[in-house]
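Computed from the coordinates by the stated procedures, all read-outs in this text should not be read as laboratory data. Just so it is clear, the structure is predicted and the values come from calculations on it, not from any experiment. Don't worry about glycine lacking a Cβ; one is built from the backbone with ideal geometry, like all the others, and counts go over all protein chains shown.
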Amino acid sequence: MQSCSRNETVIIATHALRELVAHKDGATVLALEGELGSGKTTFVQGLAQALGITVHIVSPTFVIEKRYPVKGVHGFDCLVHIDAYRLEGSISSGLKTDEVFALPRTLVVIEWPEFLGVPLPTGAVYVRFAHKGGDCRSIEIA
């Protein structure tokens, strides 16, 4: 898919959410990959909007993880937003990923998953972002 505006990225995220299943035996994990400024945080904002979250979502670069309650929208009770960018090269992130990944009815969205330092659960969905020139980007959901 291609997006050339914030609005288009939010729409793509909203459509993607409709395809996700809230698991009862563990979290649903989205791994967002792409360059700086390629639309990852905007995508998370779109997911949050579709989940009925009304607070402004920013990338948790310095706190690493933020949790937002959800009222059962699309079957989810919680959105966990992780930005692993600052973890690159860290010996230990301090994140309790085993616990986070085990949370039922939880959508875990990870920016920069390659810096997390732990394997993602089987079934994690990868979303790849790439600049296409100007304000356009491609968004591939695998």
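Brief remarks on what is shown
- Residues in the stretch 24-58 that are buried (at least 18 other Cβ atoms within 10 Å of the Cβ) and small (G, A, S): A27, A31, G34, S38, G39, G46, A48, A50.
- The stretch 45-142 holds strands (runs of 3 or more DSSP E) entirely within its bounds, and those carrying 1 or more residues that are of a type in the set (D, E) map to 65-69, 78-83, 106-111, 137-141.
- Checking V21, V70, V63 one by one, the residue that is under 16 Å from the mean Cα position of the chain (by Cα), over 23 Å from R128 (Cβ atoms) and exposed (fewer than 15 other Cβ atoms within 10 Å of the Cβ) is V63 and no other.
- Unique match (being within 16 Å of L20 (Cα to Cα) and either within 11 Å of the chain's Cα centre (by Cα) or among the β-branched types (V, I, T) (or both)) among V58, V118, V44: V44
- V70 vs. criteria in contact (Cβ under 8 Å) with a residue 40 or more places away in the chain, closer than 21 Å to V21 by Cα and out of contact with any helix residue (DSSP H, G or I) (no Cβ under 8 Å at 6 or more places or on another chain): no
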